[in-house]
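See structure below.
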Amino acid sequence: MRITTGDDEQERPAVRGPAPLAGDAAAVELAGVTKSYGRGRRAVMALDGVSAVFAPGSFSAVMGLSGSGKSTLLQMSAGLDRPTSGTVRLGGSDLGGLSGRRLSVLRRRRVGFVFQELNLVPSLSVAENIALPLRLDHKPVDKSRIRELAGLVGIDGLLPRLPHTLSGGQQQRVAIARALVTRPEVIFADEPTTALDPYTSEAIVGLLRRAVDELGQTVVVVTHDPTVAARADHVLVLDQGRLAGVVSGRSAAELTTILRRLGEQGAR
Amino acid sequence: MRQLYATLRHRPAPLAGVLVALTMTAMFVTWALSLGEAAGSSVPAQRLANAAVVVTGNQTLAATSGSEPPAGTVTVPLSSYRRVPASLLTRLTAVPGVRDAVADQSVPVALVLPDHQIMTGTSAGSLTGYGWQSAVLTPFRLQAGHAPAGPGQIVVGAGVAAAAGLRVGDRVSLAGRPGALFTVAGIAAAPAGNPAGSQAVFFSPQQAAVLYGHRGQADLIGIVAQPGTSPAGLAARVRAALPGQQLSVVSGNKRGGAENLGAASDLSSFSDLAVATGIINVLVSLFVAASTVALSVAERTRTWALLRAVGATPGQVRRMVMTELAVLGALAGLAGYLPGTWLASVTVRGFVGHQFVPASVQSWANPIEILPAAAAAIVIAEISGFLSARRASRVRPAVALGEAAVERRNPGPLRLVLGASALAAGIGITASALNDHGSTDQINLASEAQLAFLAAAAFLVPYLIGPAERVLRLPLRVLGGTPGRLASAELRVRSRRMGAAAVAIALPVAYLGGVAVINATTAHVAVTQSSQRLAAAAVVSAPGPGLDPSVVPAIRQQPGVSAAVGLTPTTVYLVEDSYPGNTAAEAVTPGPLPAVLSLAVTSGSLQRFGPGDIALSQPAVAGTSLRVGQTVMTYLADGTPYPAKITAVFSRSLGFADAVVPAAAAGGGHLGTSTISQVLIGASPGTSPATLAAHIASLAHSYPGLQVASRSVVNARYEQSASQDSYINNLLLSIVGLLVSVALVNTLALATLQRRKELAVLKRVGATAGQLAGAAAWQAAGLTLIGVVLGIAALTATVTTVAEASAGSPVPFIPWPSAAVIVGLVTLLTGLAILAPTMRMISKHKGA
């Protein structure tokens, strides 16, 4: 499936294919990943043979309409769930061979998470939430690092508070700080800004951008918001479980058009 | 991880529920432990406090098992004194260190006071008469007057005198005994705090011997030591001076058992009771704790999913849950300690007050008990949390990315297996209980069966909620409108939570209902049997220990009397399968038994019943090889062997006895008591009840305190007393009732609080507070119905078993008033537990 924009008839080839770039191991690599739920007649194919590569130090967005499989792709990539077929490699390790326990360990050391909402453990303070992955890994917690991260994401002074006393935007900032605390290979964010107002969304995306630019993190954001996707280096477009294409350097408006076209095609 | 559960205090509600459940557990463990400790305490010698050494007959009964090896010996304690020869005194006074050797003879008495009131005892116990020689054993000291100088004189204990208002010079007589008046010659006081002072009266030694009736014998010999003699050493010397005799020589703590023969068996049945109730309570607590823990863990599914997503291993999540539970268990142990010991002391005081256990039994608060109570609470918490912890650790982290709104549809196969096995166990136990007709065993089996059925109900309830909801759907919709629909949906969708709630309701219904029905059935049968059994036209009795045996021929001589048979309750040890079983028996004086007692003889005959015979009840012979015509080895109350031929088997035994022996068995005087408690009288044809009563009442001059009652009066009185529940039943019922009620409210409140989010959504959508309250009310109604039905189902098998056992018919006698109270209580608590939190949540989130 080719992606065309309304007024530009030139076809742009995909900039990224399945081959890794310049000898660096890819941060995340999916090969032929398929995920179906249910059996027989009631089977639902959430992902259908998706292959993708996320280079280290890149800010990628996964975009698509509702039901396109974006969240499923993220779950596969992060090791939260296992594909029905295909392989997933995270930082060079094949996730397929790992037991549930090893996956857990991998997640807390090498992956950071930001969810759409309900990110934080309600009974722990902000500081404790940020330190959570370290504690789970039985690693010592450096208080100054927590403060440093808090400052980075802009929540100084909120460290002793409980999550339910914070606004949505503040909670997301805490989630980002937590995602950063173990210096993971990849940070996955699932619709991090959907529940936030445009101004706060902008700030959150900005944080993620800074994490990539200043800290060298790899970030993969799943979103249906074109303004968020526009900030990414590359946008993978998913349509009905398949990779429709990879684009980069598009504006929010262009991305919106792409989405609308997909929607119209799907409706027909 | 410490931080994790320390700060979990911010969401207190579900954890509070778990804590309450565990605290109840700890409370009952403490209660059981305290009672056990109290029961294990040794009974100190009180009346015999001054007797350093006590010599009794061998107060145990030994039976060797049959010919097949290994030949073992079973010993059973005797409940009456196996008397000792008074001639031992000469030998004993010669032992160095002995100051006094006293032949102690006891006679239960009731005093007819100067104002014609009859005094049978005080709060310390029943009145007993002794020879004045026994006064030194306590020791009693004369406060006023002098020792009894002759047969007509009596010295009363100070406590007795105070209670009766007696003074030196007053005249008293003995109830039920023909004979002279006694003059109070003196008042003697026991040492301070010794209850003997409120129980004892003293006759002259000769008079006591006459009343005692066993010439040359005594209950025991008490030995007062020379000052400075060690009791243990003296005991050894005494034992050496009595070689080759079947005697028991005790000193120190063991004297209490010699003084109070019933104490050992009272205490052992007390501790059995404590253990049995303790076990039941612990198991019930397990049920309750399991469901509360499951609810509290399930409420935090999101948190577990988040932790898993962020990288916690399943093992770490499991450990978090278990650690949390361990901490709660420890806290519960602390919290439950004081209420538990308080409850234990109340229980003991009640038992002492009703004289089920000796007054010396006390329950102390022993702080060490906190440890086992906390340990038990922790263990129970861990066991009940085990499955929940596994479930929490298995939460798929992907769930964190979505909304886990609906519960897993199908409960796991493990539940089905456990439920099916519990059901099978219940059925199996019931079947074997129906076969086994020994009545006490049957009751135990019945309660085990009930537990199995309750467990089955708890496991299988999720499968049952679905069909139950389908049945209720239409009525709820029709009667309840939209709120009814909401209630019905809640039942359908949250089957696990609703199941837990239904079980919490079924538990009190099954337990309390079962006990109530069983009690009512047994009482009903006893009353029915009693009135059918009494063929006599009138019954004569006297307060206190009863009537002198001479009353029977005296009655027979009265005009209008065609038959008079005296009954004395006694104990017989029936040796069956080498075990001497303690059997309640009635001893009867010679006379035409069938004329006054209609025992429903099923085989053999009671026509000519005399020494050498024995009649046994159906339950006594069921399951044994005993048949009419066989000779069976028995022992009478004081251990005298009595081989007897079984002449009859009878079925109307409830409330009567399991064996009938002639009063003259083994020569007479071996019944443990020499008085007659009742005389059953047959009227000659043509004699009216009033005439009969008048003739017999004339005997009251010779036998003070004699009372005569016609058959209808006796039956009415029995019915009245049987309908009053016994104290033990009430107490245990209250305790268990408390437990299950708290459990009910706890579980339901918890389950209701979990609906916070749903209520918020419903309110946003536009439901009014009234509609939400209505939905909650209909839900409560539906749950109550399901729970009550489940509870009734669980108790049915138990109740029919017991009914079959006591009445021969599986149809129980249902006490409708008690049943209504139980159902009403359960409905009220359910409604409260569901509506109160709901109303609070509705009003709290106004405008959210």
Given charges at Cβ of Lys, Arg, Asp, Glu: segment A:28-266 dipole, positive-most of A:Leu30, A:Gly40, A:Ser248: A:Gly40
Karplus-derived 3J(HN,Hα), 6.51/-1.76/1.60, for each residue of segment B:625-635, Hz, glycine and proline x: 9, 6, 9, 4, x, 6, 9, 10, 7, 9, 10
Selected from A:Tyr199, A:Val105, A:Ser77, residue furthest toward positive end of dipole (chain A; charges at beta carbon): A:Val105
Residue-by-residue Karplus 3J(HN,Hα) for segment B:335-342, coefficients 6.51, -1.76, 1.60, Hz, glycine and proline x: 5, x, 5, 4, x, x, 5, 4
Added length on full extension, which subtracts the Cα-Cα distance from 0.36 nm per residue, B:Ala180 to B:Arg470: 96.3 nm
Peptide A:133-145 - average C-beta neighbours from other chains (10 Å radius): 2
Fraction in percent of alpha-carbon pairs per bin - 5 Å, segment A:182-268: 3, 13, 23, 24, 19, 11, 5, 2, 1, 0
Order of A:Lys35, A:Lys70, B:Lys763 - criterion: other Cβ atoms within 10 Å of each residue's Cβ, fewest first: B:Lys763, A:Lys35, A:Lys70
Shielding score for A:107-116, defined as the mean number of other chain Cβ atoms within 10 Å: 4
Prolate/oblate/rounded label for segment B:601-644 (Cα gyration tensor, a/c 1.5): oblate
Packing-based exposure ordering (other Cβ within 10 Å, fewest first) of A:His234, B:His701: B:His701, A:His234
Placed amide H near B:Ser562: partners under 5 Å, 5+ positions off or other chain: B:Gly682, B:Ala683, B:Ser684
Straight-distance crosslink candidates among aspartates and glutamates, where the alpha carbon sits under 17 Å from A:Lys143 and sequence neighbours closer than 8 are dropped: A:Glu128, A:Asp156
DSSP-defined antiparallel bridges as percent of all bridges, chain B, nearest 5: 80 percent
Folded to 0 to 90 degrees: helix B:261-299 orientation relative to chain B principal axis, Cα: 0 degrees
In degrees, nearest ten, helix B:439-493 long axis to first principal axis of chain B (Cα): 30 degrees
Protection proxy ranking, peptides A:140-153, A:192-205, average beta carbon neighbours within 10 Å, highest first: A:192-205, A:140-153
Cα Rg, Dmax (largest Cα-Cα span) when computed across segment A:28-266, Å: 17.7, 55
Inter-chain shielding of B:308-321 (mean C-beta neighbours from other protein chains, 10 Å cut-off): 6
Computed FRET value (nearest 0.05) for B:Ser625 with B:Ala232, which takes r as the C-beta separation and R₀ as 56 Å: 0.75
Highest-fluctuation residue, A:Ala31, A:Ala175, A:Ala232 considered, GNM on chain A with Cα pairs under 10 Å: A:Ala31
Highest to lowest packing among B:494-501, B:654-661, B:114-121, scored as the average C-beta count within 10 Å: B:494-501, B:654-661, B:114-121
Test item: Cα-centred dipole of segment B:470-612, Lys/Arg +1 and Asp/Glu -1 on Cβ, debye: 1420 debye
Cβ-based exposure ranking for A:Arg109, B:Arg215, B:Arg755, B:Arg171, in which fewest neighbours within 10 Å come first: B:Arg215, B:Arg171, A:Arg109, B:Arg755
Chain B: calculated mean residue ellipticity at 222 nm from DSSP helix runs of at least 4, using -39500 (n - 2.57): -18000 deg cm²/dmol
Spatial separation of Cα centroids for segment B:607-678 and segment B:679-724, in angstrom: 26 Å
Considering only segment A:28-266, percent of DSSP beta bridges that pair antiparallel, nearest 5: 50 percent
Whole-Hz couplings from phi, Karplus 6.51/-1.76/1.60, listed for segment B:792-805; x for Gly and Pro: 4, 4, 5, 8, 4, 4, 4, 5, 5, 4, 5, 4, 4, 5
Residue (of A:Asn129, A:Leu158, A:Ser68) at the positive-pole extreme of segment A:28-266, dipole from beta-carbon charges: A:Asn129
Fraction of antiparallel bridges per DSSP, the protein assembly as shown only, in percent to nearest 5: 75 percent
12 Å cut-off, amide nitrogen to a point 7 angstrom out along B:Ser684 Cα→Cβ, residues in segment B:540-566: B:556-563
Student exercise, chain B dipole from Lys, Arg, Asp, Glu Cβ charges, in Debye to nearest 20: 3480 debye
Relative counts (whole %) of C-alpha pair distances in the protein assembly as shown, using bins that are 20 Å wide: 10, 29, 26, 17, 12, 6, 0
For A:Ser85, distant residues with modelled amide H under 5 Å away: A:Thr34
Using alpha-carbon coordinates, inclination of helix B:12-40 to the longest axis of chain B, degrees: 20 degrees
Protection proxy ranking of B:553-564, B:375-386 - average other beta-carbon atoms within 10 Å, highest first: B:375-386, B:553-564
Count, lysine Cα pairs under 15 Å in chain B, 8 or more residues apart or across chains: 4
From the C-alpha gyration tensor of chain B, square roots of 5λ in Å: 61, 32, 25
Distant-in-sequence amide H partners of A:Ala46 (H built 1.01 Å from N, under 5 Å): A:Lys35, A:Ser36, A:Tyr37
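Here, each number is a calculation from the coordinates, and none is a lab measurement. Fair warning: this is a prediction, and the values are worked out from it, not measured in the lab. Positions of Cβ are backbone-derived with ideal geometry, glycine not excepted, and every protein chain shown enters the neighbour counts.
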